[in-house]
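K.L.:
Questions regarding the structure given below will be posed in turn.
Please treat every number below as a calculation from the coordinates, not as lab data. Given the structure is predicted, the values throughout are model-derived calculations rather than measurements. So basically every Cβ, Gly included, is an ideal-geometry build from the backbone, and we count neighbours across all protein chains shown.
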Amino acid sequence: MFMSDILKVDPEMAAVLERELNRQETRLDLIASENYASKAVMEAMGCVLTNKYAEGYPKSRYYGGCEYADEAEVLAIERAKKLFGAEHINVQPHSGSGANMAVYFSVLKPGDTILSMNLSEGGHLSHGNPASFSGQLYNIIPYSVQRETEMIDYDELEKLSKEHKPQMIVCGASAYSRTIDFKRFKEIADMTDAYLLADVAHIAGLIVADAHPSPVPYADFVTTTTHKTLRGPRGGMVMCREEFAKAINKSVFPGIQGGPLMNTIAAKAVAFKEALTDDFKKDQIQTVKNAKTLSETLIQNGFRIVSGGTDNHLMLIDLTSFNITGKDAEAVCAKAGIVLNMNTIPFDKQKAFIASGIRVGTPAATTRGMKEEEMKFVGNAISRAIKNAGDDAALEKIRLEVKDLCERFPVYK
Ligand code: DSN
């Protein structure tokens, strides 16, 4: 794949990339935040715009020769607006964390209070974890899920908000399998005049297909990555109402970034064009159906799914009763050709690097074309792998079956 020149110039790297391609083709990717970008998106990533400096914004750059860079960025912005219906969009953030940083820097000052979901209960590092800039610069009041339901407790959130009067509330998560009530979040934010930031990195593709409600009518700011359910290049994006447009643009550049990655922005535009198609929307709806089938199959096999199931593309599997940690389960599944990640479950007694659970998601498998039938096989395969954790022969047998499944659903035909 586009490797003839790499082969000539750097055979060593070409061999690494060939092995990675083979890994992606022959193993089953259930990492909820991963997906496969199309060849068109990857071609754009490797295009001539990688040579171009374009600090600034379309028609207002600090470099000459930006006329086509401008066209590429305008295409990305206009398509993103069609996808999400936002008034203003900045497509320059290099990442989701950078997009969140740009939002914080646009309206908050250091020391301000942010009410956000705990990382260990499903939030994200850049939502105020002490190890991240966000936790170091701001006064973070974490919210969690309710112990019994393992879902967001909006009444509790309202109480916390009234008590701490945050300047900003952050919603959106990286390990939460239930529908997020953005309208309710906005009502709570309005009670204390807080800004609302919705980070939809995980569910952006679902939102495009109406497979999850959109926060755009409610939130002051919406951020996303472009490489998860959206299936684009690795990168970030900020959406907001027109009133915040100037502040957001200033915050991204020159606030936190220099030159935008124009090749990535071209690839974002290509991915957005793909996301405007009916096929993309059908796939997003299938992603949710696949997750439901996978979760039901796991439950039939005796596994406890956090909160009892899923409304979106992912689920957390609680392994406590199987006497195996998330870390070990991740390694066992890897031996069986299934790629997933350990994850803490709500109120986990284990540290994040051990964890009591694993997180699985269906975006990548769905992009390969897998449907409910295959998800039943996958759920049974995960179950067999975990129940045969110490039996290398059994794991090898599963690996061959998984490889066979993957070969029937190639990624790059
Ligand atoms: N690291 C991503 C995830 O796996 O969910 C979130 O940015």
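K.L.:
Over the chain, with a Gaussian network built from C-alpha contacts below 10 Å, which listed residue (Ser132, Ser106, Ser144) shows the highest mean-square fluctuation?
P.N.:
Maximum among the listed residues: Ser132.
K.L.:
Determine the gain in length on full extension of the stretch Asp210-Glu401; use 0.36 nm per residue of separation and subtract their C-alpha separation, reporting nm with one decimal.
P.N.:
Separation in residues times 0.36 nm, less the Cα-Cα distance, equals 65.3 nm.
K.L.:
Let me ask you something else. Could you list Thr26, Thr362 in order of exposure, starting from the residue whose Cβ has the fewest other Cβ atoms within 10 Å?
P.N.:
Lowest count first: Thr26, Thr362.
K.L.:
Let me ask something else. In whole Hz, with x marking every Gly and Pro, tabulate ³J(HN,Hα) for the range 142-156 from phi via Karplus 6.51 cos²θ - 1.76 cosθ + 1.60, θ = phi - 60°.
P.N.:
Once rounded to whole Hz, the list reads x, 10, 10, 9, 6, 4, 6, 8, 6, 10, 4, 9, 5, 5, 5.
K.L.:
Right, here's the next one. Under the rule of -39500 (n - 2.57) per DSSP H run of 4 or more residues, summed and divided by the residues of the chain, what mean residue ellipticity at 222 nm is obtained, to the nearest 500 deg cm²/dmol? Write down the numbers at each step before the final one.
P.N.:
Working: 16 runs with 181 residues, N = 413.
Calculated mean residue ellipticity at 222 nm is -13500 deg cm²/dmol.
K.L.:
List every residue whose amide H lies under 5 Å from the amide H of Asn139, counting only residues 5 or more places away in sequence or on a different chain, with H placed 1.01 Å from N in the peptide plane.
P.N.:
When sequence neighbours closer than 5 places are left aside, the close amide H contacts are Gly111, Asp112, Thr113, Ile114.
K.L.:
Show me the trypsin sites (Lys or Arg not before Pro) within the range 1-95 that DSSP assigns to loop and that have at most 10 other Cβ atoms within 10 Å of their Cβ.
P.N.:
Loop-located and lightly packed - Lys59.
K.L.:
While we're looking at this one, here's another question. Using θ = phi - 60° and the Karplus curve 6.51 cos²θ - 1.76 cosθ + 1.60, what whole-Hz ³J(HN,Hα) does each residue of the range 68-81 get, with Gly and Pro shown as x?
P.N.:
Working through the residues one at a time gives 7, 4, 4, 4, 5, 5, 5, 4, 4, 5, 5, 5, 5, 4 Hz.
K.L.:
Can you tell me the FRET efficiency between Asn139 and Arg234 if r is taken as the Cβ-Cβ distance and R0 is 35 Å, rounded to the nearest 0.05?
P.N.:
0.70
K.L.:
Just grab the label-to-label distance for Ala245 and Lys82, each label 7 Å out from Cα along the Cβ direction, in nm (one decimal).
P.N.:
Roughly 1.9 nm, to one decimal.
K.L.:
Here is a follow-up. Can you list which of the chymotrypsin sites (Phe, Trp or Tyr not before Pro) found in the range 304-356 are DSSP loop residues with at most 10 other C-beta atoms within 10 Å? Don't skip to the answer; put the middle values down first.
P.N.:
Numbers: sites: Phe322, Phe347, Phe353; in loops: Phe347, Phe353.
In loop regions of the range 304-356 (DSSP not H, G, I, E or B), the sparsely surrounded chymotrypsin sites (Phe, Trp or Tyr not before Pro) are Phe353.
K.L.:
Dipole magnitude of the chain about its Cα centre, charges +1 at Lys/Arg Cβ and -1 at Asp/Glu Cβ only, in debye to the nearest 20?
P.N.:
260 debye
K.L.:
Here's a follow-up. Between Ser60 and Ile354, how many nm apart are label points set 7 Å from Cα along the C-beta direction?
P.N.:
5.3 nm
K.L.:
Determine ³J(HN,Hα), in whole Hz, for all residues of the range 202-211 in sequence, where each value follows from phi through the Karplus function 6.51 cos²θ - 1.76 cosθ + 1.60 and θ = phi - 60°; x replaces Gly and Pro.
P.N.:
Result, ordered by residue: 6, 10, 4, x, 4, 4, 4, 9, 6, 8 Hz.
K.L.:
What is the set of long-range amide H partners of Asp199 at a cut-off below 5 Å, with H atoms built 1.01 Å from backbone N?
P.N.:
For Asp199, the qualifying residues are Cys171, Gly172, Thr223.
K.L.:
Taking the mean number of other Cβ atoms within 10 Å as a proxy for protection, how do you rank 386-393, 151-158 from highest to lowest? All intermediate terms of the calculation are to be shown ahead of the outcome.
P.N.:
Values: 386-393: 14.2, 151-158: 16.6.
So the order, starting with the most tightly packed, is 151-158, 386-393.
K.L.:
Next question. Just rank Ile285, Ile180, Ile169, fewest to most, by other beta-carbon atoms within 10 angstrom.
P.N.:
Placing the least packed residue first, the sequence is Ile285, Ile180, Ile169.
K.L.:
While we're on this one: Most mobile of Pro93, Pro363, Pro58 per a Gaussian network model of the chain (Cα springs, under 10 Å)?
P.N.:
Pro58
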